[in-house]
Structures are given as C-alpha cells and as structure tokens.
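The values are calculated or read from the model by the stated rules, or taken from the named source; none is laboratory data. Since we're looking at a predicted model, the values are computed, not measured. Note that each Cβ is placed from the backbone with ideal geometry, even for glycine, and that neighbours are counted across all protein chains shown.
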Amino acid sequence: MNFSTAIRTCFAKYATFSGRAARSEYWYFVLFNILCQIGLGILDSLLFDTGSMTTGPGRMAFESDGGPLAALFSLAVLLPSLAVGARRLHDIDKSGWWLLLILLPLVGFLVLLYFFVQPSQPEANRFGPRPGAGGGTGSGPAEPWHTSSVPKVPRS
C-alpha cells in the first residue's frame, strides 16, 4: 500500500473499527498526521502569531502555543486515527480495546508502539482476512518485505 492509498483508505473508513489494517496503512496515516501538524503549526504561527522564538547563548528554539488550524485538524482526524489504530491491532489479533493503554503514561505508549510495529498475521484471524489478500487494492501482498523463507514462530 502506498502513501496516497493509505490516506484514502483511512478517510474512507473514517469510523470503521472492524476489519484489519496493514502496517503500511497505519504508519503512512501517522506520517500524514505528523506532516499536516507541522505544516498547520507553521501556518498557525504565521497567520495567528501563536509561536515565539527564544534565543540564548548557543541556543535557539521555537515555542508554539498551538493554533486553531492545527486544533481543528486534530479533531478532524481523531476518529480515523483511533479507527486505524484499532484495525492495526486487529491485524496482529489483538482487541481494539488495547488502545486504552495510551492512558498509562509512557508504559502504554511503549507497549502500543511495540504492537504497531509487529508484522501482520499472514493468515486470516478472528477479525477477518489479511489486508490486501483476496481482491484487495494491490496486486501483491500488503507488505512486500514479508518473505516466506523466514520460519514461522507459533504464537500462544
């Protein structure tokens, strides 16, 4: 799955918490969110004067107080971000309720990060078939770096 297909898929499944999302779909959507937040933060700073530059001896930093454009974008992508996160967890056969771990400071983030970087389960699981398999959007597997020469480790 490429960048634009991942973004279109996430917005097409705006509030769809069922099914599975490939690793590439999730991470491309995260990248899209980060790039948009940076761009909108700069635009907010220019239009609404929400940032300030501080300098010191051998140091220069930009501090932003946030702005309306970035805040509106954050609200607009909150639901699709939660949905693609739940679908990504489904892809590794975990319940979407694991997203609540983010409420635990640092530990929750690290556990979810570990889950999100795991490869897709190659077979169908309780949440459906593997993304991209069986007439999906691509002609090949959802994650082309997955090779069949790697031995499978049974999961308990």
Kindly establish whether L69 is surrounded by 11 or more Cβ atoms within 10 Å (Cβ to Cβ), among the aliphatic types (A, V, I, L, M) and farther than 30 Å from S120 by Cα.
yes
Residue among S24, S52 that is polar (S, T, N, Q) and modelled with pLDDT under 95:
S52
Considering each residue of the stretch 10-21, count those that are hydrophobic (A, V, I, L, M, F, W, C) and either modelled with pLDDT under 95 or in a loop (DSSP other than H, G, I, E, B) (or both), and give that number.
3
Is there a residue in the stretch 123-132 that is among the hydrophobic types (A, V, I, L, M, F, W, C), closer than 19 Å to V30 by Cβ and modelled with pLDDT of 95 or more?
no
What number of residues within the stretch 28-48 are buried (at least 18 other Cβ atoms within 10 Å of the Cβ), in contact (Cβ under 8 Å) with a residue 24 or more places away in the chain and over 19 Å from P80 (Cβ atoms)?
2
Can you tell me which residue is nearest to G67 (Cα to Cα) among those in the stretch 4-27 that are hydrophobic (A, V, I, L, M, F, W, C) and exposed (fewer than 13 other Cβ atoms within 10 Å of the Cβ)?
A15
Hey, can you tell me all the residues within the stretch 73-130 that are within 13 Å of the chain's Cα centre (by Cα) and small (G, A, S)?
S81, A83, G85, A86
